[in-house]
1. Highest mean first, how do 15-24, 114-123 rank when packing is the count of other Cβ atoms within 10 Å averaged over residues?
2. Using the beta-carbon distance between Val63 and Glu148 and R0 = 30 Å, what value does 1/(1 + (r/R0)^6) give for FRET efficiency, to the nearest 0.05?
3. Given a 1.4 Å probe, how much area per residue of region 1-115 is accessible, in Å²?
4. Cα to Cα, under 13 Å, and not fewer than 8 places away if on the same chain: which aspartates and glutamates meet these conditions relative to Lys161?
5. Under 13 Å from the 7 Å Cα→Cβ point of Glu125, by amide nitrogen: which residues of region 26-46?
6. Beyond a 32 Å Cα-Cα separation, which of these cross-linked pairs lie in this structure: Lys25/Lys112; Lys25/Lys173; Lys25/Lys183?
7. Go through region 94-146 and name the trypsin sites (Lys or Arg not before Pro) that are in a DSSP coil and have 10 or fewer other Cβ atoms within 10 Å of their Cβ.
8. Give me the net charge of Glu129's neighbourhood, meaning all other residues with Cβ under 14 Å from the Cβ of Glu129; Lys, Arg count +1, Asp, Glu -1.
Amino acid sequence: LSAFVTPNHPMVGEVISEASLYLNKWTNNPSFTGYQRNNPNAVLQQMAAIYAALQAKKIAYIVPPASYEKTGQRIRLSHVVLEQKKGTCLDLAVLYASCLEAVGLNPLLILKRGHALTGCFIEEETFSEYIQDDPAAITKRMADGINEIAIVECTAFSAGKNIEFDDACEHGKAALADPDEFKLSVDVMRSRAG
């Protein structure tokens with residue numbers, strides 16, 4: 001799954017350029033600094049700017065493409081989603097993860113029954129393993145007062161919705177409320193290291 005995260009694609013770079021305009025508008029600084037500032041709010045602002053740039057793309061949410069597999073799903077690469085302006089929840093999660101990785105952040109792909117989300121470490125961290133199948137590994141790091149991981153509902157930036165970044169994070173947190181629905185998370189940076 002991490003192989004579909006393509007942070008170096010030129011079209012992902014275009015999204016980052018557009019996101020820098022939002023970042024400049026909000027902070028008077030267009031620079032994506034990843035974790036260099038050691039400031040969780042700076043990381044959240046970078047995440048929000050990318051979210052806003054993707055929201056402006058007006059990408060339509062669609063159901064998974066036809067396939068003959070009994071399990072799994074065909075995935076559109078990020079540039080295809082941006083070109084065709086359509087994607088499933090998994091396509092959108094991979095696109096957002098691509099953009100997060102492109103600016104030096106550590107994304108997570110989170111799979112639950114029938115749905116996918118994107119998470120991001122708020123501080124420069126990774127899990128010790130690239131796969132987590134224990135939902136508590138995520139939810140305890142999302143808890144109020146800890147705030148080490150933010151989860152974003154990526155369908156919230158799709159066309160026809162006007163959901164702000166903070167609300168998309170709340171939807172992401174709510175999506176993991178039932179541990180029985182959680183399947184696994186993939187730590188993209190840890191996957192790269194492996």
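1. Values: 15-24: 18.5, 114-123: 21.8.
In decreasing order of mean packing, 15-24, 114-123 become 114-123, 15-24.
2. After rounding, the FRET efficiency stands at 0.35.
3. 48
4. The qualifying aspartates and glutamates are Glu153.
5. 40
6. Lys25/Lys112; Lys25/Lys183
7. Within region 94-146, the qualifying trypsin sites (Lys or Arg not before Pro) (loop, at most 10 other Cβ atoms within 10 Å) are Arg113.
8. -2
The values are calculated or read from the model by the stated rules, or taken from the named source; none is laboratory data. Not measured: the values here are computed from a predicted model. Reconstructed Cβ throughout: ideal geometry from the backbone, glycine too, with neighbour counts over all protein chains shown. Ligands, DNA and RNA are stripped out before the accessible areas are found, and what is left, the full protein with its side chains, is counted by its heavy atoms. Shrake-Rupley method; radii C 1.70, N 1.55, O 1.52, S 1.80 Å.
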